[in-house]
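Take a look at the structure set out below.
The values are calculated or read from the model by the stated rules, or taken from the named source; none is laboratory data. Model, not experiment: these values are computed from the prediction. Please note: Cβ atoms are built from the backbone with ideal geometry, for glycine as well, and neighbour counts cover all protein chains shown. For the accessible areas, the whole protein counts, side chains as well, though only heavy atoms, and no ligand, DNA or RNA atoms are used. Shrake-Rupley method; radii C 1.70, N 1.55, O 1.52, S 1.80 Å.
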Amino acid sequence: MGRIILSRLLVLISTFASASSHSRLSCPEPRSASTGIKRGPCGDETNNFDSPLLAITDGSIVEIKPGPLRVTFEESIHHTGAPFRISLSDDGNDDESCVLLDHIPHNDCCRPSLNDATTYTPYAITIDIPNVICERCSLHLSNPMTDKIGGNGSPSGIGCTDPGTCFSVYHSCSKPFRIVGDTNNGAVPRSDYQCPSYKDMNEEWPTVWMGDNGENVDASTPGVYRRESSIWSTEDHTLTTVPEKYREDVGGLCGDGSETASIITTETTNAPTTSPFTNPTSAPTPSPISSPTNAPTPSPLFVNVDRETNEPIGPSHMAPITENETEPSINTPNPSKVPTISPSKPFQPPLSLDGNDGSRHKPFYLCALFIVINILI
């Protein structure tokens, strides 16, 4: 009887230790703050478009224009080489989507702590929104765990597919937002839009990333993933090994700059909406990708409009993204193949039982297991 109880406890502890959180969108604001959604594309929020349209802090509704849009997301538990994919939903329908950017490589620099959101690894990338008309669209973030597929995830392995054989994938979906297509340039309703290949949309996007031991790994096949990593900036959290258009801060909803913003704001909602991801008051330095509260030069395309007078009332931005204090990589890239980044502070090894996800809460379960075993014996 004691062995049966012990066996069940081992399974339970293993489940808690492994079924923790991983990644989520930061901006646009996600429907769920969870980083542990494993049922795609949006978990329990799939096809839930009943919530108010995405709005900024003063309640102004966000309208996204076709063209470049800065997107930010973050990782709460490290998974070496686990890549990302960003897609655009259909109008009011999460079951259909267009891939906007695939094979976004992992940043192997850091070991975030699940219980401390200020340590999460931040990512920033600029994608291209197609010329469509959509009343309620959403961005989908997918993150297949290729560190879990053994040799199949190596440069010579067959990889895994998503949807398909990637048995562990984490998901996050943004709140619904409105896309205001340019009808003078052929905008069509999102439901009538024919999704092109993401390769056709991103001809300059690399098809080879860094795999195990710094070897080149093929990333040219949509939906087939291996361990894919590259070098991300410690200053603005952008990918350093891609063309400038993917790194450019275009301002707007998720950016800092006052260049060409991809959003405008119009009417106000009944209740203001505030992003749940804000910096703690004790944070010493705001993240480089967060929006300033007193930007001296507002973007001419990102303004709030008084509902009655139709006059602009000034710039407004989403809450800043939490800054992550990076640590040097345990899996240091081959210096002969890629540039290195100097660590910002001394190396601190992750407190992890499996050496993989960097979670600092697992030793607790080991202690609990030791106590239970002693009681049973």
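Some observations on this one:
- Over region 196-239, accessible surface divided per residue gives 43 Å², non-protein components excluded, 1.4 Å probe.
- Summing +1 for each Lys or Arg and -1 for each Asp or Glu among the other residues whose beta-carbon sits under 11 angstrom from that of P28 gives +2.
- For I133, residues with placed amide H under 5 Å, excluding near neighbours: G181, V188, R190
- Two-site label geometry, S233 and S51: point separation in nm, points 7 Å out along Cα→Cβ: 2.9
- Using the average count of surrounding beta-carbon atoms within 10 Å as a protection proxy, the listed peptides 243-251, 64-72 rank, highest first, as 64-72, 243-251.
- A crude spin-label estimate for the pair V208 and I158, with each label 7 Å from Cα along the Cβ direction, gives 2.5 nm.
- Extension gain, V188 back to R39 (0.36 nm per residue minus Cα-Cα distance, nm): 50.6 nm
- Placing a label point 7 Å from the Cα of N216 along the Cα-to-Cβ line, the residues of region 128-170 whose backbone N sits under 14 Å from it are 155-156.
- Given their separation in residues at 0.36 nm each and the Cα-Cα distance between them, E135 and K245 gain 36.9 nm when the chain is fully extended.
- A protection proxy built from the mean count of other Cβ atoms within 10 Å ranks the segments 91-103, 111-123, most packed first, as 111-123, 91-103.
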